[in-house]
Amino acid sequence: MTSRRPLAPPPKSGPRYNEFISSPKVRVIDDQGENLGVMFTAEAIEQAADLGLDLVEVSPNADPPVAKFLDVGKYKYEAQKKANLARKTQKTQEIKEIKMRPNIDDHDYETKMKAVAKFIGEGDKVKMTLRFRGRELAHQQLGMALLQRVAEDTAEIAKVEAYPRMEGRQMLMVLSPK
């Protein structure tokens with residue numbers, strides 16, 4: 001009876017390697033990047049083991065699949081690092097909300113518009129919420145005029161994604177960066 005290394009569980013994620021490669025033949029690339037041609041998988045695994053490396057399937061959908069002589073642990077580590085870097089650099093777009101009243105004063109309006117410009121500059125969407133109270137609900141045209149003014153003032157930096165609409169006692173409009 002020969003002593004063989006115990007069979008590890010199959011990889012749950014990541015590339016297949018060594019005995020987990022299901023294809024009978026693979027196109028082999030050595031550790032220097034040289035194409036060794038198509039060979040039987042068992043033969044390629046032996047050659048990789050002689051070099052102290054693993055046979056890692058890098059392109060399983062090719063015909064035949066492409067496998068490379070690599071250190072599987074190092075390969076997985078590099079792939080993880082690449083994925084983390086990509087995740088870190090991507091920007092998620094948030095929706096920021098600005099609340100106003102229909103009879104807002106000029107100075108208050110300018111302050112809110114500075115906040116809108118800042119949010120749009122950061123790449124976020126802005127939800128403009130206009131709340132009506134009591135008898136203000138009878139004068140929805142004031143709210144519509146105010147939201148039109150907002151759209152005109154931000155026309156250079158933002159576009160209207162959702163035009164003003166009423167939802168209960170509030171009027172909503174969504175702006176997004178151009």
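Okay, here's what the table says:
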item	result
Search result, residues across the stretch 52-95 that are farther than 19 Å from residue 41 by Cα and of a type in the set (Ser, Thr, Tyr)	75, 77, 89, 92
Residue ID - farthest from residue 170 (Cα to Cα), chosen from residues in the stretch 98-151 that are under 32 Å from the mean Cα position of the chain (by Cα), part of a helix (DSSP H, G or I) and without any contact (Cβ under 8 Å) to a residue 12 or more places away in the chain	118
Subset of the stretch 55-77 that is of a type in the set (D, E, K, R) and not in a loop (DSSP other than H, G, I, E, B) - its residue that is surrounded by the fewest Cβ atoms within 10 Å (Cβ to Cβ)	74
Residue match in the stretch 63-72 (condition: among the aromatic types (Phe, Trp, Tyr) and closer than 26 Å to residue 29 by Cβ)	yes
Condition met for residue 90 (under 30 Å from residue 16 (Cβ atoms), loosely packed, with under 14 Cβ neighbours inside 10 Å and either within 28 Å of the chain's Cα centre (by Cα) or outside the structural domain of residue 166 (by TED's automatic domain parsing) (or both))	yes
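The values are calculated or read from the model by the stated rules, or taken from the named source; none is laboratory data. On a predicted model such as this, the values are computed, not experimentally measured, just so you know. Quick reminder, even Gly has a Cβ in these numbers, built from the backbone with ideal geometry, and neighbours come from all protein chains shown.
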